[in-house]
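Worksheet: the structure to be examined is printed underneath.
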C-alpha cells in the first residue's frame with residue numbers, strides 16, 4: 001500500500017477555538033475512508049484544509065509525496081484532489097450536461113467526459129434538463145458527477161447522502177463502490193449504514209482531534225467513540 | 001452548442017450588421033452622425049459588458065479605461081505630432097496596461113468593495129487629468145484639428161473628419177468588437193467567465209484559476225473600452241477630462257442594464273435608446289435627467305433583465 005495523503009500536526013483555529021488541532025492523518029491509495037464525529041468536531045474544516053478552501057495555520061499536508069500545504073485550491077484540484085460540497089453547489093441555470101462539462105472543459109475534453117460520467121452516475125437520461133429543476137437527490141448526483149469528471153486521485157465527499165431517500169442511499173453506495181475501484185475516497189458521513197457498508201477504515205474526530213481510527217468493527221466496539229457519540 | 005443554433009446566431013448578427021451598414025446610405029445627416037457616435041459608445045458598453053454582464057464584476061471605474069484610450073491617442077497627436085495609427089495603438093495599449101494594473105489590485109476585493117476600489121482608481125485618474133491641465137487642458141479639453149485626423153493607408157489617406165468615413169470607421173470597429181464578443185462568449189473562456197459569475201467557489205473547486213480568469217476578463221474589457229476611447233478621440237477630435245469623470249463610469253452600466261446585461265446586442269440597444277431618450281427629453285425640457293431617471297425606474301420594475309435579456313427570456317432562447 002502506498003500513502004496517498006498525509007497530514008502532519010495540521011492545525012487551524014477560528015477565533016481562539018481550535019477547529020482542527022494538530023491532526024496527524026494518513027490515507028492510503030485505493031481505500032475508502034470514512035470521517036465521522038459529532039457536529040462541530042472539525043470534519044469539514046479538516047477536509048477544507050486538505051482541498052485548500054481554508055488556509056492552513058500550521059502543520060503540513062503531503063499529497064503523493066509532494067508538500068501542498070500552501071498550494072492554492074485550484075492547483076490542488078489539478079493535482080487530483082476533488083471536493084464535493086456539503087451544500088449542493090451546482091449551476092442551477094445550466095443543464096446537467098453543461099454542469100458536468102464545466103469540470104472537463106479546462107482540459108478540453110468536456111463532451112466526452114460528460115457523457116461518460118453521466119452514464120456512470122445514471123443521469124444520462126436527464127442530461128438536457130436544467131439542473132435547478134431536478135429533484136434534490138438528482139442534484140446531489142450532479143454534484144458527485146462534477147467531482148468524478150475531474151478524474152480525481154482523491155475524491156472528498158462531504159455528507160453526500162444527506163437528505164437522500166433510502167433507495168437513493170442504496171444507489172449511492174453501489175455507485176461509490178464502483179468509483180472506488182479507480183479512486184481513493186474520503187467520506188464525511190453521518191449515516192452509519194453508509195459508513196459501515198462502504199468504509200475500509202474509519203477515522204473518528206472530536207473537538208478538532210482524532211479520537212480513534214480503525215476498521216468498522218474496531219470503531220463499533222470502541223469505548224471512547226461510544227462515549228463521544230452517546231455522551232455517556 | 002448545436003450547429004443550426006450556431007448558424008442561426010451568426011446569421012442574425014451578420015444581418016444586424018448589414019442593416020447598420022445599409023443605414024449609412026439612407027439616414028438623414030443628423031441621425032447619421034448620432035449613429036456613428038452611438039456605435040463608438042456602444043463599443044465602450046460592449047467592453048463594459050464583458051466585465052459586468054458576463055463575469056459579474058460590477059466596476060464603477062470604467063471611465064478610466066475609456067479615458068486612457070482617449071488620452072493615449074489624443075496626447076501624442078496633440079503634443080508630439082504623431083500620426084493616427086500609432087496614436088490609436090498607444091491608446092489601446094494604455095487601456096490594456098491600466099486595466100491589468102487596476103484589476104490586479106482591485107480583484108483582491110469583491111462585491112461592494114470592488115465597486116469602491118474601482119471608483120477610487122477612476123477618481124484618481126480623473127483628478128490626474130485635471131492636475132496636468134497644462135497638457136490635457138482639463139475640462140476644456142484638447143481639440144484635434146481636422147488636418148491631423150487623417151488615417152494613412154498604402155496608396156493614400158482618408159480624412160476622419162468627413163461624416164461618411166467617420167460612420168464607416170465607427171462601423172468597422174463596432175462590427176469587429178461585436179463579432180469578437182460573440183466568439184468570446186461562446187468560447188470555453190467565455191463559458192468559464194459566466195460560470196464564475198454564477199458560482200465562483202464551485203469553479204475554484206473545479207480547478208479553475210478564478211483570479212486569473214477575472215483578470216483576463218478585466219484586461220479584455222479595459223482594452224475594448226480603451227479602443228472605444230481612442231476611436232472617439234480621432235473620430236470626433238476631442239479629448240476632455242469630462243470623459244474620465246464618474247458620469248462615464250455610470251453611463252456604460254446604464255447602457256448595459258437598459259439593453260440587457262450579458263447579451264451581445266444589448267449594449268448597442270441600450271446605448272442607442274438612452275442617447276435618443278436624453279436627446280428627445282432635452283429638446284422638450286431642461287429636466288431631461290428626470291425623464292431618464294423615470295425610464296430607468298420603469299425598466300428595473302418591469303424589465304430587470306433589460307431589453308435583450310427580456311427578449312431572450314420570453315421569446316428567443318438561443319440569443320447569446
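The values are calculated or read from the model by the stated rules, or taken from the named source; none is laboratory data. Everything numeric here is computed off the predicted structure, so don't read it as measured data. Don't worry about glycine lacking a Cβ; one is built from the backbone with ideal geometry, like all the others, and counts go over all protein chains shown.
Tabulated results
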{"item": "Meets criteria (surrounded by 21 or more Cβ atoms within 10 Å (Cβ to Cβ) and either part of a helix (DSSP H, G or I) or at pLDDT 90 or above (or both)) for residue A:186", "result": "yes"}
{"item": "Residues being surrounded by fewer than 24 Cβ atoms within 10 Å (Cβ to Cβ) and either within 14 Å of chain A (Cβ to nearest Cβ) or farther than 13 Å from residue B:94 by Cα (or both) - total across the range B:215-226", "result": "2"}
{"item": "Residue, surrounded by the fewest Cβ atoms within 10 Å (Cβ to Cβ), within the range A:68-86, restricted to residues that are more than 10 Å from every other protein chain (Cβ to nearest Cβ) and more than 14 Å from the chain's Cα centre (by Cα)", "result": "A:70"}
{"item": "So residue A:165, is it in contact (Cβ under 8 Å) with a residue 12 or more places away in the chain, within 14 Å of another protein chain (Cβ to nearest Cβ) and at negative phi", "result": "no"}
{"item": "Identity of the residue in the range A:31-57, touching a helix residue (DSSP H, G or I) at 6+ places or on another chain (Cβ under 7 Å) and in a strand (DSSP E or B), that ends up surrounded by the most Cβ atoms within 10 Å (Cβ to Cβ)", "result": "A:35"}
{"item": "Hits in the range A:195-232 - residues which are surrounded by fewer than 13 Cβ atoms within 10 Å (Cβ to Cβ), over 22 Å from residue A:185 (Cβ atoms) and either out of contact with any strand residue (DSSP E or B) (no Cβ under 7 Å at 6 or more places or on another chain) or at pLDDT 95 or above (or both)", "result": "A:221, A:223, A:227, A:230, A:231, A:232"}
{"item": "Top-ranked residue in the range A:87-98 [being part of a helix (DSSP H, G or I) and more than 9 Å from chain B (Cβ to nearest Cβ); ranked as surrounded by the fewest Cβ atoms within 10 Å (Cβ to Cβ)]", "result": "A:97"}
{"item": "Residue check for residue B:269: farther than 19 Å from residue B:46 by Cβ, without any contact (Cβ under 8 Å) to a residue 60 or more places away in the chain and buried (at least 16 other Cβ atoms within 10 Å of the Cβ)", "result": "no"}
{"item": "Some residue of the range B:293-302 being at pLDDT 90 or above and surrounded by 18 or more Cβ atoms within 10 Å (Cβ to Cβ)", "result": "no"}
{"item": "Residue under evaluation residue A:116, criteria (1) within 23 Å of residue A:187 (Cβ to Cβ); (2) within 14 Å of chain B (Cβ to nearest Cβ); (3) at pLDDT below 95, criterion not met", "result": "(2)"}
{"item": "Candidate set: the range A:99-112, residues that are surrounded by fewer than 20 Cβ atoms within 10 Å (Cβ to Cβ) and in a helix (DSSP H, G or I); chosen: the one nearest to the other protein chains (Cβ to nearest Cβ)", "result": "A:111"}
{"item": "Qualifying residue in the range A:16-30 (condition: crowded, with 20+ Cβ neighbours inside 10 Å and in a helix (DSSP H, G or I))", "result": "no"}
{"item": "Which listed residue, of B:243, B:171, B:211, is closer than 30 Å to residue A:105 by Cα, part of a helix (DSSP H, G or I) and either away from chain A (no Cβ under 14 Å) or in contact (Cβ under 8 Å) with a residue 12 or more places away in the chain (or both)", "result": "B:211"}
{"item": "Selection status of residue B:250, surrounded by fewer than 24 Cβ atoms within 10 Å (Cβ to Cβ) and in a helix (DSSP H, G or I)", "result": "yes"}
